[in-house]
């Protein structure tokens with residue numbers, strides 16, 4: 001299973017959602033792979049289920065995640081996403097409880113348990129700070145603290161929300177990574193969030209709708225590297 005020794009902050013998540021498919025997904029994945037290597041930034045690339053294997057086989061450095069799975073076991077059933085099938089396709093993890101694919105608490109609990117059983121890392125989305133703390137009780141690997149009202153607006157979380165969400169999760173389980181999402185439109189947004197204390201961020205429409213998607217991937221991941229390096233310098237200056 002993906003753990004803190006395999007994935008290191010700062011890291012960046014790209015979610016293609018249904019903006020892209022087929023060869024366009026593959027092209028973006030290769031760009032993310034190149035940027036990950038160039039900037040030494042871990043990248044989680046969440047690809048459509050039907051493109052998972054192609055992305056895995058065409059890349060070397062990114063962590064390929066599935067956008068959903070169902071907490072089922074091998075056997076009867078049709079149209080659900082079997083966790084074992086994601087592992088067989090080469091996925092390293094799975095996204096759960098996205099605002100466009102919400103899960104009940106019961107199903108989310110079962111899904112995290114099944115992912116743990118087959119060795120898939122879990123990214124779980126949460127809206128309010130209190131929800132982030134509640135999700136942390138379920139022990140996912142990563143929590144995306146993402147105010148639903150900011151998704152697709154071009155507005156990002158304020159520093160107070162960032163700090164509160166991180167503290168809420170870490171107070172429950174300090175080993176869980178916290179990704180700050182929603183409204184990421186360019187490298188400036190990425191830079192600001194990382195300098196404000198986020199361990200990670202990511203984008204979907206900000207990349208998929210960009211006039212030059214490849215350049216935007218490079219811009220965002222490069223901005224993450226610069227912001228993180230500057231944070232490290234500041235910390236060292238005050239580390240007596």
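The values are calculated or read from the model by the stated rules, or taken from the named source; none is laboratory data. These numbers come from a predicted model, not from an experiment. As a convention, Cβ positions derive from the backbone with ideal geometry for all residues, glycine included, and neighbour counts pool all protein chains shown.
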Over the range 57-109, the set of residues surrounded by 13 or more Cβ atoms within 10 Å (Cβ to Cβ), over 13 Å from the mean Cα position of the chain (by Cα) and under 18 Å from residue 12 (Cβ atoms) is 59, 61, 91
Residue 189: passes all of (1) buried (at least 23 other Cβ atoms within 10 Å of the Cβ); (2) at pLDDT below 95; (3) not in a loop (DSSP other than H, G, I, E, B) but (1)
Quick count over the range 190-217, residues being out of contact with any strand residue (DSSP E or B) (no Cβ under 8 Å at 6 or more places or on another chain) and within 23 Å of residue 100 (Cα to Cα), is 6
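Does residue 1 fit the bill of being modelled with pLDDT under 95, more than 17 Å from residue 140 (Cα to Cα) and in contact with a helix residue (DSSP H, G or I) (Cβ under 9 Å, 6 or more places away or on another chain)? It would help to see each step written out before you state the result.
Values: modelled with pLDDT under 95: yes; more than 17 Å from residue 140 (Cα to Cα): no; in contact with a helix residue (DSSP H, G or I) (Cβ under 9 Å, 6 or more places away or on another chain): yes.
No, not satisfied.
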Residue 8 meets each of (1) outside any helix (DSSP H, G or I); (2) surrounded by 16 or more Cβ atoms within 10 Å (Cβ to Cβ) with one exception, condition (2)
Restricting the range 17-42 to residues that are at pLDDT 95 or above, within 16 Å of the chain's Cα centre (by Cα) and outside any helix (DSSP H, G or I), the one farthest from residue 142 (Cα to Cα) turns out to be 41
Residues of the range 169-182 being within 22 Å of residue 98 (Cβ to Cβ), free of Cβ contacts under 8 Å to residues at least 40 places away in the same chain and touching a strand residue (DSSP E or B) at 6+ places or on another chain (Cβ under 9 Å), in sequence order, are 169, 180, 182
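Let me confirm something: among 45, 63, which residue is closer than 19 Å to residue 205 by Cβ and modelled with pLDDT of 95 or more? Even if it seems obvious, please write down each step before you answer.
Values: 63 fails: closer than 19 Å to residue 205 by Cβ.
One residue alone meets the criteria, 45.
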inquiry  = Being at pLDDT 95 or above, within 20 Å of the chain's Cα centre (by Cα) and buried (at least 16 other Cβ atoms within 10 Å of the Cβ) is the requirement here; does residue 120 meet it?
reply    = yes
Picking from 214, 221, the residue that is modelled with pLDDT of 95 or more, in a helix (DSSP H, G or I), under 19 Å from residue 47 (Cα atoms) and more than 17 Å from the chain's Cα centre (by Cα) would be 214
